[in-house]
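The values are calculated or read from the model by the stated rules, or taken from the named source; none is laboratory data. Note that the structure is a prediction, hence the values are computed from the model and not measured. Please note: Cβ atoms are built from the backbone with ideal geometry, for glycine as well, and neighbour counts cover all protein chains shown. Surface accessibility is based on the protein's heavy atoms, side chains included, excluding ligands, DNA and RNA. Shrake-Rupley method; radii C 1.70, N 1.55, O 1.52, S 1.80 Å.
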Amino acid sequence: MQLDKNQIADANQQQLKKHNTRLVLVAEDINDVETVLQKLSAFNIAIPSWALGTGGTRFGRFSGGGEPRCLEEKLEDVGVIHSLNRSSNSISLHIPWDIPDDAASIKALASQLGLHFDAVNSNTFQDQANQTHSYKFGSLHHVDKQVREQAVAHNIEVIKYGMDLGSKALSVWLSDGSNFPGQLNFREAFQNTLESLQEVYSVLPDNWKVWVEYKPYEPNFYSTTIGDWGQSYLLASKLGPKASTLVDLGHHLNGTNIEQIVSILLMEGKLAGFHFNDSKYGDDDLTVGSINPYQLFLIFNELVEGMDARNLDHATGIGWMIDASHNVKDPIEDLLQSVQAIKIAYAQALLVDKAALKAAQQRNDVVLAQEILQKAYRTDVRPLVAEASLRMEGAIDPVNTFRQFRVRENLIKERGLNTVATGL
């Protein structure tokens, strides 16, 4: 079920007059609006292969039907997303959930849909069928060297799959940790993790990166071996220049100042990129911007300022990816909403008067500094996001266009009502 440019153009035509009116109003107050639109048009966010099916919790899972039954169908779903928003031109695979049996044909299909492959993700937080050793008590940090070697071998295998597909980064998240005091030796666990990652790092191609993710708890609740950004940064620093820290927005304790973490990692050249989501209580993996859009804007404000300071291209300087679990939503609609929320926060950050903010900071004018930030945040930038999409032959309103063409209903007819996405 693919949407062609003519269909989307017809849908846009119905909304064009209203869109142009709104665009003129917001553009009047923006200096160099063309530069903002160009940056929005270039900005893309990778779609994770595991988010294309209905997610769930340990209590249950409620499929909405028409889920992708194989990697090819997942690519087709990302193709639908990208055709609508023109900002999702890549897919991030999770191995072994989505192993490409024929890399050449998978690459050809992706190219046909205007897609390429982002970072590949390893999985040592689950035991797979016919696996020799269990990860019940950890993987790269395990006390048993044979278990560590198995986990290292898996990560190397993932790199090889990624090379076949044209990927350039390995993303590593470990559930390794402990549930009870005394269960493990913290120093030995960290050292084992470092040595394991060094083995993986040693086989990275020259043009590859390894992204080290962190998380303070879950599924282990007393400790996690890579529990915060400091531990991830320490590992990345010890590994070398091809290693950096990946920030998942849900992988923080309540109240953590994520924007400050982002600023420092970017300053040190160790920010790999993001797994975007939102949360109310913990690692909720909710739709991006659904709970705390102001924090998302503040994060992007630091990103724009920090990337400009390092002369990094906003679109390609670091990795941008969604990591969400939508157990009560249509997966494609949820991903469309998330991409829109990210682009809105990015657009708002582009509107911040950086010179005025810097001057207010130098004078310790706290009130004015807040006013400058909130002026940008309170600007309705949705017409700018829509215009950037329109110029790239995408939809003015991606979610409503998806519904207008009854894409989910057609996917159910194609694939069936009781399908389950691979990896779930």
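With protein chains left intact and a 1.4 Å probe, residues in region 50-194 average 43 Å² of accessible area per residue.
Within region 13-83, the trypsin sites (Lys or Arg not before Pro) that combine a DSSP coil assignment with at most 16 other C-beta atoms in a 10 angstrom radius are Arg58, Arg69.
For Lys74, a cut-off of 12 angstrom between C-alpha atoms picks up these aspartates and glutamates, skipping any fewer than 8 places away in its own chain: Asp98. Every pair of different Cα atoms in region 90-143 enters the Kirkwood calculation, which places the hydrodynamic radius at 13.2 Å.
Accessible area ranking (1.4 Å probe, heavy atoms, ligands and nucleic acids excluded), largest first, for Asp278, Asp164: Asp164, Asp278. Here the spin labels are modelled as points 7 Å beyond Cα on the Cα-Cβ line, and at His133 and Glu305 they lie 4.6 nm apart. Under 20 Å of direct C-alpha separation, and excluding same-chain neighbours fewer than eight residues apart, Lys329 reaches these aspartates and glutamates: Glu67, Glu73, Glu76, Asp77, Asp278, Asp283, Asp284, Asp285, Asp397, Glu409, Glu414. Note on Leu368: accessible area approximately 60 square angstrom, rounded to 10, probe 1.4 Å, nucleic acids and ligands left out.
Could you check which residue among Phe59, Phe186, Phe125 shows the biggest mean-square fluctuation in a GNM of the chain with a 10 Å Cα cutoff? With Cα springs under 10 Å in the chain, the top fluctuation among Phe59, Phe186, Phe125 is at Phe59.
Listed by chain and number, the aspartates and glutamates whose alpha-carbon sits under 16 Å from that of Lys136, ignoring those within fewer than 8 places in the same chain, are Asp127, Asp144, Glu149, Asp176, Glu218. Expressed per residue, the C-alpha convex hull volume of region 142-278 stands at 111 Å³.
Could you list, in their original order, any pairs among Lys354/Lys375; Lys168/Lys270; Lys17/Lys354; Lys215/Lys238; Lys5/Lys375; Lys39/Lys358 whose Cα atoms are separated by more than 24 Å? Don't skip to the answer; put the middle values down first.
On the way: Lys354/Lys375 12 Å; Lys168/Lys270 16 Å; Lys17/Lys354 33 Å; Lys215/Lys238 19 Å; Lys5/Lys375 36 Å; Lys39/Lys358 22 Å.
Those over the limit are Lys17/Lys354; Lys5/Lys375.
Across the chain, Cα pairs under 8 Å and at least six residues apart give a relative contact order of 24 percent. Only helical runs count toward this figure. For the chain, summing -39,500 (n - 2.57) over DSSP H runs of n ≥ 4 and dividing by all residues gives -15000 deg cm²/dmol at 222 nm. Gaussian network model of the chain, Cα springs within a sub-10 Å range: biggest mean-square fluctuation belongs to which of Ile99, Ile258, Ile91? Among Ile99, Ile258, Ile91, the largest mean-square fluctuation in the Gaussian network model of the chain belongs to Ile99. Distance between the C-alpha centres of region 201-230 and region 234-269: 10 Å, rounded to the whole angstrom. Counting only protein heavy atoms and a 1.4 Å probe, region 356-424 has 57 square angstrom of accessible area per residue. What is the sum of charges, Lys and Arg at +1 and Asp and Glu at -1, for the other residues whose Cβ falls under 9 Å from the Cβ of Phe276? Overall, the nearby charge balance is -3. Shown for region 262-345 is the translational diffusion coefficient from the Stokes-Einstein equation, using the Kirkwood radius over Cα pairs, a temperature of 10 °C and a viscosity of 1.306 mPa s: 118 µm²/s. Taking Lys and Arg as +1 and Asp and Glu as -1, the other residues whose beta-carbon sits under 15 Å from that of Lys160 total -4. For region 272-341, chymotrypsin sites (Phe, Trp or Tyr not before Pro) are listed when DSSP marks them as loop and at most 14 other Cβ atoms sit within 10 Å of their Cβ; the list is Tyr281. With a simple spin-label model that places each label point 7 Å from the Cα along the Cα-to-Cβ direction, the separation between Ser105 and Glu371 comes to 6.4 nm. Shown are Lys354, Lys107, whose ranking by accessible area with a 1.4 Å probe and every protein chain present, most to least, is Lys107, Lys354.
Roughly to the nearest percent, how much of the accessible area of the chain is carbon and sulfur, given a 1.4 Å probe? Of the solvent-accessible surface of the chain, carbon and sulfur hold 50 percent.
Across every direction, the projection of the convex hull enclosing the Cα atoms of the chain has a mean area of 21.0 nm².
Surface listing: Asp308, Asp397 arranged by accessible area from highest to lowest gives Asp308, Asp397, probe 1.4 Å. Summary of the geometry: region 24-89 and region 130-189, compared by the centres of their Cα atoms, lie 30 Å apart.
Simple spin-label estimate for Val203 and Asn257 gives 4.2 nm between the two label positions (7 Å along the Cα-to-Cβ direction from each Cα).
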